[in-house]
Amino acid sequence: MAIAYICLGSNLGRKRANIKRAIKLLSKKKDVKILKVSSLYETEPVGYVKQDWFVNTCLKAETNLSPRQLLNTLKDIEKQLKRKKAFLKWGPRTIDLDILLYDNLKLTTKDLVIPHPEMHKRVFVLIPLMELEPNLVHPTKRKSILELLANLKKSKRVRKLT
């Protein structure tokens, strides 16, 4: 069994409900066991900033799916939640599910890079991930999530939701 960390985000429709529904759908997969889920965070958009703020969370899961199978599972959940093809990079979406880490694997394919290539630059990823595993070490940066967050310029606002 592998340990995977997944980031979830939504900024269209009922954002919190979208996140909760995605987690519920993932929890129903027989090859995935959700171990921990961080709090929900309201986060300022990155890249294309003229859009509504996001709700984000991270989760830790145990799986016997390969990285490719896990990606396909996440894409299926996005389809079920009516995620449309983005016309803008980093544009609005009902749901976004990204594999951040998969054990200590380093993988680069056309459509899947693990560790996620932007995670160490994203406060909306590092804060919920720190809540789950502050001492988790990034496989290529060789720094803990806590260290990555401490070194990041926090230019984007993040607020924990109750």
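What the table shows:
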read-out: Cα gyration tensor shape of the chain, rounded if a/c is under 1.5, else prolate or oblate by comparing a/b with b/c; value: rounded
read-out: Net charge of neighbours whose Cβ lies under 12 Å from the Cβ of Leu35, counting Lys and Arg as +1 and Asp and Glu as -1; value: +1
read-out: In order through segment 59-66: 3J(HN,Hα) via Karplus (6.51 cos²θ - 1.76 cosθ + 1.60), integer Hz, x for Gly, Pro; value: 9, 10, 9, 9, 8, 10, 6, 6
read-out: Listed residues Arg16, Arg68, Arg93, most fluctuating in the chain (Gaussian network, C-alpha, under 10 Å); value: Arg68
read-out: Mean separation of Cα contacts under 8 Å, 6 or more apart, over the residue count of segment 51-162: relative contact order %; value: 22 percent
read-out: Value of [θ]222 nm, deg cm²/dmol, for the chain, DSSP H segments ≥ 4, -39500 (n - 2.57) each, nearest 500; value: -8000 deg cm²/dmol
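Coordinate-derived values only; no laboratory data. Predicted model only: the values in this text are computed from it and were never measured. A quick note on method: Cβ atoms are made from the backbone with ideal geometry, for glycine too, and the neighbour counts reach across all protein chains shown.
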